[in-house]
Every structure is written in structure tokens, then in C-alpha cells.
């Protein structure tokens, strides 16, 4: 029994989206750039922010999410991937995200739907266009006395609550 070509292409696109978000959350700008076509576009928050070109998208992310005191977590699920003709595809994804801004003392949480377009270049899928429209977004102050007990950067992902090994 052979591998279904369409299902392997869909899986490759799913992995591409996961790498894109891992690049954002871990502030790995080279990884993020590797997921985007050179002429990619992005339209975030229902079009409030629109960017053109891989370099502009990566620069925006670096400038706005690059601080180790602005921590993000993006989770996508329920992908609806449609393969097109000539090495193109589209996808819709449910998004749940959290932003913790330690400097501003706030926590932002939300849900949205991504609407993406993909292109196959040199045998690899890239994001040609990405964007989301919010279902909801909340912003709240972090509770007084709230402590960050683990961070990828300041604690190397280790919880300060975990007992040290014997």
C-alpha cells in the first residue's frame, strides 16, 4: 500500500504552519523566515496590520515580539487544507493564543481563524499569504504578586518550582 500523495502534501503544509508558529514563539527569526515566500504577505487582526514581503514580516515580529519579557504561545488546530493546481494550496486554521507582557504587566488571550495561501517552490511548501481575524480577544492585568516560574530564556525552560535533583 503506497503513501497517498495528497495526504503527504497536506501533512507537509501542516508542519509548515507549526514551524511558522514555533519560530514566532521561540523568537527563532531564521526559522520563521524559512517558512515564508520572499514575497509573502501578512494581514493580522482582521487587516489592522498588513505587511508585504518576508523581510517586513520577520522585522515586525522581531521588533514587536523579540523581547524576552514578551512571551507568546500560539496553538493552531482543526486545519482545513485544500490543494490547488500548479503547486498552490489554501488553509483555514483555528488559533488560540496568549501573550504575556511582563513589562506592561498584562496578559492577552484570544481566538481567531487564520486564512492562509501556500506555494510549492523548489519542492518545499512556503507561506505565500497569512492572516487572521479575531473571534475574541481579552486583555487583563496580571494579578499582583503573579510570578513567572519558567521561561524558555531566563530559566532555560525549567520551572523554578521543580525540586533540584538529589
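Derivation of every value follows stated rules applied to the coordinates shown; laboratory data play no part. On a predicted model such as this, the values are computed, not experimentally measured, just so you know. Cβ coordinates were reconstructed from backbone atoms using ideal geometry, including for glycine residues, and neighbour counts include every protein chain displayed.
Hey, can you rank 28-37, 155-164 by average C-beta count inside 10 Å, highest first?
Descending packing order for the listed peptides: 28-37, 155-164.
Given the DSSP H assignment, sum -39500 (n - 2.57) over each helix run of at least 4 residues in the chain and divide by its residue total; what's the result at 222 nm in deg cm²/dmol, nearest 500?
Counting only the DSSP helices, I get -7500 deg cm²/dmol.
Out of all DSSP beta bridges in the range 5-141, what portion is antiparallel? Express it as a percent rounded to 5.
Once the DSSP bridges in the range 5-141 are tallied, antiparallel ones form about 90 percent.
If you average the C-alpha positions of the range 35-68 and of the range 93-146 separately, how far apart do those two centres end up, in angstrom?
12
Which of the peptides 98-109, 127-138, 75-86 is most tightly packed, and how do the rest follow, going by the mean number of other Cβ atoms within 10 Å of each residue?
Result, highest mean Cβ count within 10 Å first: 127-138, 98-109, 75-86.
Between [x] 55, 35, 28; [y] 101, 41, 32; [z] 55, 45, 27, which matches Cα extents along the principal axes in Å calculated for the structure shown?
[z]
Report the relative contact order of the range 5-141, percent, no decimals, based on alpha-carbon pairs under 8 angstrom and at least 6 residues apart.
Relative CO of the range 5-141 lands at 24 percent.
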